[in-house]
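Working notes, beginning with the structure itself.
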Amino acid sequence: MGETMNDDDDAFPHFSARMDNGDLAWAVADANGVSLAVFCRRLKLGWSGERAATHPAPPRTRKSPPQRPSLKLSTFLADGQLAWPVAKTRGISEALFYARLKKGMTPDEVVYRPVMPRGWSVHRR
C-alpha cells in the first residue's frame, strides 16, 4: 500500500521507459526483436528508452553442444561392434571419446583404456 509508482518503476523499468513521442518503449523494442532481458539491461546501463528500443537487437547465439553423430555412428571396434555404445557402458564420456579419437587412438584403445580419475597422471610415481 505504501509503495509509490516510483518504486514500481525501479523494479520494472520497462514499464516506465518512454519513447521521445511519449509511447511506451517496451512495445517498440518488442516489435524490433529486442528481448526483455536486453532491453532492461540497456535501461540499467543508462540508455534512453528510445535508444534501448530502437538499437538493433544483438544476434541470438545458439548454446547447444556441437553435434557429432558421424563419428559415433561410423567408429567400429575390431570385432565389428559400434564403438560408442560400448564406450558409454564402460563409463567413457562423449567428450573423452572424441578427445581420444582426436589424439589418434584406435577405437579399441578408446573403449578399453581405463578412465583415470581427475588429477591422476599416467606418469605418476
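Please treat every number below as a calculation from the coordinates, not as lab data. None of these values were measured; they are calculated from a predicted model. Don't worry about glycine lacking a Cβ; one is built from the backbone with ideal geometry, like all the others, and counts go over all protein chains shown.
Values as computed for the structure displayed
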{"item": "Close pairs from the range 21-47: first among the polar types (S, T, N, Q), partner not in a helix (DSSP H, G or I), Cβ under 7 Å, at least 6 apart", "result": "N32/A57"}
{"item": "Near pairs, Cβ below 6 angstrom, 6+ apart or cross-chain, from the range 87-102 (on the phi < 0 side of the Ramachandran plot) to any residue that is of a type in the set (F, W, Y)", "result": "A87/F97"}
